[in-house]
Amino acid sequence: MSVTAPLDDRSQPLPEGSRFDRLQKTAYALVGLGALMSLVALWLDSERFAFGYLWGYTFIWAVALGSLFFVGLHHITHSVWSVVIRRIAEMFASLMPLILVLMIPLFIFAFFSTPFSLFPWTDMELVQGDHVLEQKLAYLNVPFFVVRGILFGGIWALFARFFVNNSLSQDNGEFAEQKTLRMRKWSTVFMPVFALTITFASFDWLMSLEPHWFSTIYGVYVFSGVAATGLAAITIAVVWLRSVGLLDTSVVRADHLYNLGALLFTFTCFWAYIAFSQFMLIWYASIPEETVYYIHRMHPGWLEVTVVLAFVRFIVPFFLLLSRPAKMDPRRLLLVSVLVLIGQLLDLYWLIMPALHRAVPRLGWQEVGPVVLLVGLIVLFVVRFLSSRRLTASGDPLFAKSVDFHL
């Protein structure tokens, strides 16, 4: 099977057996295998399937929403250097309508406390007589949960469609400067809305798994991981597309890679700062209902996961990207970006799974199946986008300046 992929202002067919074609076959394999594992897990152990689905869903959500944040950041800062790679970020951001559709199983899990047992606050027998959960019932109830999810997903999908469609229309020379100004204007609306929606989504989907616990910094913690995840996905795509010749190395140069590496380094450090701040403040205050969250994660078994998370998510990427040349090295950037994605998966596992496996961590095919399925869907979407869209925002009025960008 041959596919076509546009390169700047022209399209050229890719030969049979290309790496692009193999990527498509790999995506189909992942979707098929993940669907089979998920169906069997749903039949044999619906609770573990539900937790696995939430794990996979929040991972692809982080990729899409983190990329949408990058697009908004590009416009609100009037950035020049990122014009040449903006289309790659838009590629992942355009996943948001799919993210909205894939939210439906979360609603099903909430409606059916049995057999999924994902969100404890959906079990009315558990809520009754529990003073804390009764006080939170006005917010943590299924109808309001569904309304919030649809609202958040709808907002993200609308902003993604707005930014991507306006950017694509610039390729045809349709009022390019006016569309740039329009996207800059609406990015000032998007950013505060993004901050609010990601915060409350993190409360709904992650913090409410253990509804007796709370943290006012939790939304910022989740944001830091989402931003780093989006940057890692964008960086991997840019480096790979350069390596196969679909992004010209004279267009996306070492100076652009440096800025990607610098941003990835920044948000890696920011994640570590917020993670430590949350831990330090809770541990120092030593309030039992707050510290219990970390006590569970410092027992033997979960303690090892916590230590590995610190190394994979911060310590190793920090030293790998510390030098200036490292931020320009495609191989180094690719390695660190893969580590960040693995770290995000591990971080989400650390946030989600203690609610299911309280004593010691467990990881089986029941949890892995939904992750494989959802990652495969992302790769399929990327293949479809690459085969039907230009890979650079060449219609942007600042495209030429971006190509000539120098540090």
Self-check item: Number of the exception - Trp121 against (1) assigned to a helix (DSSP H, G or I); (2) within 25 Å of the chain's Cα centre (by Cα); (3) crowded, with 22+ Cβ neighbours inside 10 Å; (4) not small (Gly, Ala, Ser)
Solution: (2)
Quiz prompt | Positions within the range 133-178 being in contact with an Asp or Glu (Cβ under 9 Å, 6 or more places away or on another chain) and loosely packed, with under 13 Cβ neighbours inside 10 Å, in sequence order | solution = none
Quiz item: Taking into account only those residues within the range 50-83 that are over 17 Å from Pro192 (Cβ atoms) and polar (S, T, N, Q), which is surrounded by the fewest Cβ atoms within 10 Å (Cβ to Cβ)?
Solution: Ser79
Quiz item: Any idea which of (1) surrounded by 13 or more Cβ atoms within 10 Å (Cβ to Cβ); (2) not in a helix (DSSP H, G or I) is the one Phe279 doesn't satisfy?
Solution: (2)
Self-check item: Search result, residues across the range 266-308 that are touching a Leu at 6+ places or on another chain (Cβ under 8 Å), among the β-branched types (Val, Ile, Thr) and within 15 Å of Tyr349 (Cα to Cα)
Solution: Val305, Val308
Quiz prompt | Top-ranked residue in the range 332-351 [being in contact with a Ser or Thr (Cβ under 6 Å, 6 or more places away or on another chain) and either of a type in the set (A, V, I, L, M, F, W, C) or surrounded by fewer than 24 Cβ atoms within 10 Å (Cβ to Cβ) (or both); ranked as nearest to Val307 (Cα to Cα)] | solution = Leu348
Quiz item: Given the residues Leu257, Leu246, which is the only one that is surrounded by 17 or more Cβ atoms within 10 Å (Cβ to Cβ), in contact (Cβ under 8 Å) with a residue 40 or more places away in the chain, more than 23 Å from Ile378 (Cα to Cα) and not small (Gly, Ala, Ser)?
Solution: Leu257
Quiz prompt | Looking only at the range 24-45, and only at residues there that are surrounded by 18 or more Cβ atoms within 10 Å (Cβ to Cβ) and more than 22 Å from Leu100 (Cα to Cα), the one that is modelled with the lowest pLDDT | solution = Gln24
Quiz item: Tally time: how many residues in the range 132-184 are part of a helix (DSSP H, G or I) and within 17 Å of Arg86 (Cα to Cα)?
Solution: 20
Self-check item: Which numbered condition Thr392 misses (of (1) surrounded by fewer than 22 Cβ atoms within 10 Å (Cβ to Cβ); (2) among the hydroxyl-bearing types (Ser, Thr, Tyr); (3) touching a helix residue (DSSP H, G or I) at 6+ places or on another chain (Cβ under 8 Å))
Solution: (1)
Quiz item: Would it be correct to say that Thr188 is of a type outside the set (A, V, I, L, M) and surrounded by fewer than 19 Cβ atoms within 10 Å (Cβ to Cβ)?
Solution: yes
Self-check item: Residue check for Thr249: assigned to a loop (DSSP other than H, G, I, E, B) and in contact with a helix residue (DSSP H, G or I) (Cβ under 7 Å, 6 or more places away or on another chain)
Solution: yes
Practice problem: Consider Glu304 carefully, then state whether it is touching a helix residue (DSSP H, G or I) at 6+ places or on another chain (Cβ under 8 Å) and farther than 27 Å from Phe70 by Cα. | Solution: no
Quiz prompt | Enumerated helices (runs of 4 or more DSSP H) restricted to the range 27-115, each holding at least 1 residues that are touching a Pro at 6+ places or on another chain (Cβ under 7 Å) and either among the aromatic types (Phe, Trp, Tyr) or under 24 Å from Leu386 (Cα atoms) (or both) | solution = 46-76
Practice problem: Would you mind stating whether Thr197 is in a helix (DSSP H, G or I), polar (S, T, N, Q) and within 29 Å of Ser117 (Cβ to Cβ)? | Solution: yes
Quiz prompt | Top-ranked residue of the range 98-111 - restricted to ones that are without any contact (Cβ under 8 Å) to a residue 40 or more places away in the chain and out of contact with any Ser or Thr (no Cβ under 8 Å at 6 or more places or on another chain), ranked as nearest to Leu380 (Cα to Cα) | solution = Val101
Quiz item: Does at least one position in the range 200-216 carry a residue that is among the aliphatic types (A, V, I, L, M), more than 21 Å from Phe107 (Cβ to Cβ) and over 11 Å from the mean Cα position of the chain (by Cα)?
Solution: no
Practice problem: Starting from the range 332-361, take each residue that is over 11 Å from Ala232 (Cβ atoms) and list its partners that are crowded, with 17+ Cβ neighbours inside 10 Å and among the hydroxyl-bearing types (Ser, Thr, Tyr), counting only C-beta distances under 6 angstrom and pairs at least six apart or across chains. | Solution: Leu348/Thr58
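The values are calculated or read from the model by the stated rules, or taken from the named source; none is laboratory data. Since the model is a prediction, treat every value here as computed from it, not as a measurement. Positions of Cβ are generated from backbone atoms using ideal geometry, with glycine treated the same way; all protein chains shown enter the neighbour counts.
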